[in-house]
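The values are calculated or read from the model by the stated rules, or taken from the named source; none is laboratory data. It should be emphasised that the depicted structure is a prediction, and the values quoted were computed from it without experimental measurement. A quick note on method: Cβ atoms are made from the backbone with ideal geometry, for glycine too, and the neighbour counts reach across all protein chains shown. For accessibility, only protein heavy atoms count, side chains too; no ligands or nucleic acids. Shrake-Rupley method; radii C 1.70, N 1.55, O 1.52, S 1.80 Å.
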Amino acid sequence: MANAAAPTAAVPTLAPPLEQIRHLAEELRLLIPGVRVGEALETTKEFNPETFWRRLNEAAVNVSREATTLTEVFSHLPLPSPQETQRFCEQVRAAIKAMIAVYYSLPKNQGITLRKLVRSTTLDIVDGMAQLMDALFMTPTQSSENNDLISYNSVWTACQQVPQIPRDNKAAALSMLTKNVDFVKDAHEEMEQAVEECDPYCGLLNDTEDNSDNHGDEEDDGLGYPNNRDLYWSEEDQELIIPCLALVRASKACLKKIRISVAENGKKDQVAQLDDIVDISDEISPSVDDLALSIYPPMCHLTVRINSAKLVSVLKKALEITKASHVTPQPEDSWIPLLINAVDHCMNRIKELTQNELELFPFAEKMKPSFILEESSQARVPIPNPVDIDLYPCCHPEDEVSALPKLNLHF
């Protein structure tokens, strides 16, 4: 019929409030992979640092405000209507996307290290908001647990970190180097404590023995009762630990000296060289961790040798990159050759103490990384004798370290 009324367009039905919250959490999490790998936006405009940091701070404040609003309206009954919930979700979505957009506006020429720090904080904010969505969806409003408030605190904490981000690549490099120094320092202290107490598992054996007294009928090697030979170091193990500790102490000294050189001589406009120094320095702490883990009983000497060689390779590369950069104005008179020589002495001693293991497993020669098989072609740098650098814990008898130079890296 000509006068028939046209069919009315279907009005989409909004999901219930909690379902909208759940969908938003999923949507936010889908943004995270893109932020991790996303590139800076290409633009012909000249980068203005002052404008960038102002926009980033404003975006973080806006996200924090939306998190507060959402927490308040979903913390009591009645829940907001589907239409109101849609509006709240759109505001949260817009705030998060604005935060990400500001991060993308930071160009690479400002430094990769700086971009990583801004990206990390941005990811923390997005993930924290997604966690808040999960808590609001899963926790009933009448619950006394207030898990939503805990999640809100994580968003707020991440937003509060924005003003603390270093403002240039040199400051970002120093921040990362300081963290790496602290990581290696902690690993070294844990190793030293275990050696000084002669208890690699911090009293685990004593606790086990006490328990075994109360369970005399149980098998000693049952669950919860590890075999004693797996908890102690042999004499050979203890001898090998000495140069390993020395190598870790040298690692800490390398990072400290690199950080000092960047602080004193680093230039803000030399972003690429600063990024290279940070990139290689970031590999030191994981390599120290690998070596530290391999010295715990039951110790495999071949694994210790391989992990030591890996650490030495990373240390030498870090020192060479630092030496070739602008942070070392006079490489020929620097501390770098001294540290390289100290690291070589540690590795040579580890090779001596693990040679028998290598001969027992000839196939390992083919499996080892190339940096273990090849002797360093770099000319040896003579070290004055004695050198005021002690790489060895003072608790060890002097005769145990007589085969190694006393190298004390207290900077």
*Across the range 257-292, what is the number of residues that are in contact with a helix residue (DSSP H, G or I) (Cβ under 8 Å, 6 or more places away or on another chain) and under 20 Å from Met347 (Cβ atoms)?*
13
*Kindly indicate the residue of the range 35-52 that is closer than 11 Å to Arg119 by Cβ and not in a loop (DSSP other than H, G, I, E, B) and also least open to solvent (accessible area, probe 1.4 Å) among those meeting that condition.*
Val35
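Quick check on my filter: what residues within the range 286-297 are of a type outside the set (A, V, I, L, M, F, W, C) and open to solvent by 10 Å² or more (accessible area, probe 1.4 Å)? Full working, then the answer.
We begin by selecting, within the range 286-297, every residue of a type outside the set (A, V, I, L, M, F, W, C); these are 286-287, 289-290, 294, 296-297.
Residues satisfying the conditions are Pro286, Asp289, Asp290, Ser294, Tyr296.
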*Give just the number: which of (1) in contact with a Phe, Trp or Tyr (Cβ under 6 Å, 6 or more places away or on another chain); (2) without any contact (Cβ under 8 Å) to a residue 60 or more places away in the chain does Ala94 not satisfy?*
(1)
*Within the range 298-343, can you find the residues that are open to solvent by 30 Å² or more (accessible area, probe 1.4 Å) and touching a strand residue (DSSP E or B) at 6+ places or on another chain (Cβ under 9 Å)?*
Leu338
*Could you tell me which numbered condition Leu114 fails, if it satisfies all but one of (1) within 23 Å of the chain's Cα centre (by Cα); (2) open to solvent by 10 Å² or more (accessible area, probe 1.4 Å); (3) closer than 27 Å to Lys267 by Cβ?*
(2)
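Kindly establish whether Thr303 is farther than 28 Å from Leu114 by Cβ, free of Cβ contacts under 8 Å to residues at least 12 places away in the same chain and in contact with a helix residue (DSSP H, G or I) (Cβ under 6 Å, 6 or more places away or on another chain). Even if it seems obvious, please write down each step before you answer.
On the way: farther than 28 Å from Leu114 by Cβ: yes; free of Cβ contacts under 8 Å to residues at least 12 places away in the same chain: yes; in contact with a helix residue (DSSP H, G or I) (Cβ under 6 Å, 6 or more places away or on another chain): yes.
So Thr303 fits the description; yes.
Could you tell me whether any residue of the range 247-261 is over 24 Å from the mean Cα position of the chain (by Cα) and touching a residue at least 40 places away in the same chain (Cβ under 8 Å)?
Taking every residue of the range 247-261 in turn, none turns out to be over 24 Å from the mean Cα position of the chain (by Cα) and touching a residue at least 40 places away in the same chain (Cβ under 8 Å).
Can you tell which of Ala101, Ala4, Ala59, Ala9 is more than 23 Å from Phe137 (Cβ to Cβ), at pLDDT 95 or above and open to solvent by 20 Å² or more (accessible area, probe 1.4 Å)?
Working: Ala4 fails: at pLDDT 95 or above; Ala59 fails: open to solvent by 20 Å² or more (accessible area, probe 1.4 Å); Ala9 fails: at pLDDT 95 or above.
After ruling out the rest, the residue left standing is Ala101.
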*Do any residues in the range 98-127 that are without any contact (Cβ under 8 Å) to a residue 40 or more places away in the chain have Cβ atoms under 9 Å from those of residues that are among the small types (Gly, Ala, Ser) and open to solvent by 40 Å² or more (accessible area, probe 1.4 Å), where the two are at least six apart or on different chains, and which pairs are they?*
Asp124/Ser154
